[in-house]
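Everything on this sheet refers to the single structure shown next.
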Amino acid sequence: MRKAWIVGGALVAGGLSFVMVLVVAVYLVAGNLAGGMAAGGRALAKGAVPAAYQQLVQKWGNLCPALTPALLAAQLYQESGWNPTVVSPADAKGIAQFIPSTWATHGIDGNGDGKRDIWDPNDAIPSAASYDCELAKYVKDVPGNVSDNMLAAYNAGAYRVIQAGGVPGISETQNYVRRINSLAESFAAPPSRLDPTRQAAGAIDFAQRKLGTPYLWGGEGTAAQDGRFDCSGLTQAAYASVGIKLPRVANDQYNAGPHPSRGQLLPGDLVFFSHDPTDSRAIHHVGIYVGGGYMIDAPRTGAVIRFDPIDGADYFGATRVTEDGAKALPTTV
């Protein structure tokens with residue numbers, strides 16, 4: 001059984017370039033996909049999957065109803081960061097991170113050349129899809145969402161899913177299912193165009209130009225601070241650049257506008273994280289949402305301004321600080 005967590009280092013190496021194209025995809029894609037889209041499958045976001053693998057992922061991601069191209073892309077990215085030569089400490093190999101014993105029983109000749117090559121993405125990607133769909137058959141009668149149960153079986157084994165009557169109460173498995181579902185949203189083209197307001201786009205542009213800048217606690221980007229920021233200093237400066245004045249600290253910024261739900265997020269919304277899910281005064285971090293489940297943020301001492309996923313145990317909520325954007329929210333928010 002392959003494990004998603006054994007190749008985390010690969011994601012660090014490939015993550016930045018992936019999210020850079022992800023931001024472009026979130027802004028520009030309106031359901032288009034080069035080469036068309038198989039019936040029943042949602043299009044992949046333009047540029048989110050490397051061009052060499054896009055057609056493979058689109059084709060094989062529609063192998064069975066429980067799988068989608070976006071789910072398959074999320075698994076491959078989580079496993080290897082699209083690196084076809086990576087080897088994990090557990091001896092999982094290639095772009096799909098099969099361990100040899102699993103490959104021996106589940107690897108297929110995806111490109112029809114007469115060989116089953118664990119290192120060849122033309123075999124490994126179809127094999128990953130085939131394996132997913134085989135697991136989906138094992139758990140098809142288990143209560144709950146069939147795709148979630150498939151992912152849980154991929155991580156923990158089909159027997160545990162059947163025994164538990166759904167996603168088992170194993171923290172690693174539950175986190176894996178949540179992670180893949182969140183990443184899948186990043187790889188799927190939005191059903192309609194996501195239009196940030198002009199001010200929100202300007203704030204994102206400001207933050208993007210600070211990518212790679214070292215974090216500084218208390219930093220507000222002054223010359224004396226070598227242009228460095230902490231988390232709320234970055235968000236304050238980004239919106240100041242487009243004429244919006246925000247409070248200085250994160251928990252005060254949370255109250256600077258209405259609060260969209262997770263499903264209502266648009267690029268430019270501020271996203272917040274708290275040590276206490278019931279208390280906004282316990283907020284400890286803020287970033288600027290860029291779409292696809294990611295934000296730009298200044299994380300902590302020793303790190304640099306970068307892209308990070310927003311979905312985690314300490315995600316608290318969001319605030320929309322642009323007037324035009326706030327008008328688009330339901331009055332009950």
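The values are calculated or read from the model by the stated rules, or taken from the named source; none is laboratory data. Predicted model, so just to flag it, every value in this text is computed and none were measured. Quick reminder, even Gly has a Cβ in these numbers, built from the backbone with ideal geometry, and neighbours come from all protein chains shown. Each accessible area value is taken on the protein alone, full model and side chains, heavy atoms only, with ligands, DNA and RNA left out. Shrake-Rupley method; radii C 1.70, N 1.55, O 1.52, S 1.80 Å.
For Arg179, the accessible surface of its heavy atoms amounts to roughly 70 Å² (probe 1.4 Å, protein chains only, rounded to the nearest 10). Could you compute the FRET efficiency for Trp119 and Leu211, with r as their C-beta to C-beta distance and R0 at 45 Å, rounded to 0.05? About 0.85, to the nearest 0.05. Loop-located GluC sites (Glu not before Pro) in the stretch 145-248 (DSSP state other than H, G, I, E, B) with a sparse environment of at most 13 neighbouring Cβ atoms within 10 Å are absent. Summarising the amide proton neighbourhood of Thr197: residues at separation of 5 or more, or on other chains, whose placed amide H is nearer than 5 Å comprise an empty set.
Of the solvent-accessible surface of the stretch 53-187, computed with a 1.4 Å probe and all protein chains present, 51% belongs to carbon and sulfur.
Take the Cβ atoms of Ala223 and Arg300, set R0 to 25 Å, and the FRET efficiency comes out at 0.60. For the stretch 247-316 and the stretch 42-91, what is the centre-to-centre distance using only Cα atoms, to the nearest Å? Going from one Cα centre to the other spans 28 Å.
Sorted largest first by accessible area at a 1.4 angstrom probe radius, with every protein chain in place, the residues His259, His285 fall in the order His259, His285.
Placing R0 at 30 angstrom, the Cβ-Cβ distance between Ser101 and His284 gives a FRET efficiency of 0.10 after rounding to 0.05.
When the surface is traced with a 1.4 Å probe over the full set of protein chains, Arg228 keeps roughly 70 Å² accessible. Close amide H pairs (under 5 Å, H built 1.01 Å from N) link His285 with Phe273, residues at least 5 positions away or on another chain.
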